[in-house]
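Have a look at the structure below, then the notes.
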Amino acid sequence: NDYQYISVGGTLSMGGVGFMSHKYGMQAGHIEELQIVNGTGDVIHASSKVNKDLFDAARGGLGQFGILTEVTIPLIKAPKR
């Protein structure tokens, strides 16, 4: 993420568009699993295999489905300057 004024969870809730999106795709598309706190305070784990509907909705859902508190996402090397 190249925008310094938003959290990682906030970036991913917006889809995760950054300066490397043209090369690697949106960051939200790389999430492997997440933990979300919903509006009633429940802590829910979600992935492509568990709570799939919530997983799909939360990635790029503009924070409408809860607050992302943990995210598993693979890292890539940043480009050299």
Looking at region 45-62, which of its residues are over 15 Å from Ile73 (Cβ atoms), surrounded by 17 or more Cβ atoms within 10 Å (Cβ to Cβ) and at pLDDT 95 or above?
-> Asn51
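Answer with yes or no whether Val8 is at pLDDT below 75 and surrounded by 14 or more Cβ atoms within 10 Å (Cβ to Cβ).
Spelling it out, it is not the case that Val8 is at pLDDT below 75 and surrounded by 14 or more Cβ atoms within 10 Å (Cβ to Cβ).
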Among (1) at pLDDT 75 or above; (2) under 28 Å from Lys80 (Cα atoms), which single condition is Gly41 missing?
-> (2)
Of the residues in region 31-81, those that are in a loop (DSSP other than H, G, I, E, B) and among the hydroxyl-bearing types (Ser, Thr, Tyr) number 2
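The values are calculated or read from the model by the stated rules, or taken from the named source; none is laboratory data. Nothing here was measured: the structure is a model prediction, and the numbers come from that model. Quick reminder, even Gly has a Cβ in these numbers, built from the backbone with ideal geometry, and neighbours come from all protein chains shown.
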